[in-house]
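The values are calculated or read from the model by the stated rules, or taken from the named source; none is laboratory data. Everything numeric in this text was worked out from a predicted model, so none of it was measured. Positions of Cβ are generated from backbone atoms using ideal geometry, with glycine treated the same way; all protein chains shown enter the neighbour counts. Ligands, DNA and RNA are stripped out before the accessible areas are found, and what is left, the full protein with its side chains, is counted by its heavy atoms. Shrake-Rupley method; radii C 1.70, N 1.55, O 1.52, S 1.80 Å.
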Amino acid sequence: MAVPGKTIESPLELFFNKLGAALTMEETILELLEKLQEEAHDPALRRNLKQHHRETQGHVENLNQVFTALGRKPEEQPCPAIEGLKNEGDQLLGRVGESLVDSAILDGVIETEHYEIAVYDALIIKAERMSDDDVIALLNENIEEEEATLKKAIAAAEQFAKTTVRQTA
């Protein structure tokens, strides 16, 4: 399916397009994390969301540094997948009762982290073909933090699930 606009003709242009979409993804997540910090009930969850917000600011900076290292001006590209995850999360948060808000937030965090890891996996594969160690290091820093966040979110979701099941049993 053709998309109006400039056709991507080279692997390097595809890399920059995906890099720009990753930048859009991280910028969108920054906005989401601010909103989720306000909606979360559990103080530990709010702290973790705040910490992830700080990390995400670093991810944006790292992506900007990748552009700079490769002699390009940072340029955001559309990221429909993150918009879909955002819309799904917003819709779910609007439908759950107060006692399930934190659980719904964690569900969204887990889904988003999986997506972010997939994005960085693809970027790293392309960066490795370019043999640019600085770029690879910046992208690896981001993916390592995303993987750590995913592990924390899964552990928290498991704990919330145990508590929720006990409350409804």
For the range 35-70, give me each residue that is farther than 16 Å from Ala22 by Cα and among the acidic types (Asp, Glu). Glu38, Glu39, Asp42
Residues satisfying the stated conditions in the range 121-155, i.e. part of a helix (DSSP H, G or I) and polar (S, T, N, Q): Asn140, Asn142, Thr149
Out of the range 65-84, which residues are assigned to a helix (DSSP H, G or I), of a type outside the set (Gly, Ala, Ser) and either farther than 17 Å from Glu26 by Cβ or open to solvent by less than 40 Å² (accessible area, probe 1.4 Å) (or both)? Val66, Phe67, Ile82
Kindly indicate the residue of the range 85-108 that is touching a residue at least 60 places away in the same chain (Cβ under 8 Å) and of a type in the set (A, V, I, L, M, F, W, C) and also most open to solvent (accessible area, probe 1.4 Å) among those meeting that condition. Leu100
Could you check Lys6 against (1) in a loop (DSSP other than H, G, I, E, B); (2) basic (Lys, Arg); (3) under 26 Å from Ala137 (Cα atoms) and say which number it fails? (3)
Flag if Ala122 is open to solvent by less than 20 Å² (accessible area, probe 1.4 Å) and touching a residue at least 24 places away in the same chain (Cβ under 8 Å): no
Would you call Gly108 over 19 Å from Leu14 (Cα atoms) and touching a Gly at 6+ places or on another chain (Cβ under 8 Å)? yes
Restrict the check to the range 45-52 and report whether at least one residue is surrounded by 15 or more Cβ atoms within 10 Å (Cβ to Cβ), in contact with a helix residue (DSSP H, G or I) (Cβ under 9 Å, 6 or more places away or on another chain) and within 25 Å of Glu128 (Cβ to Cβ). no
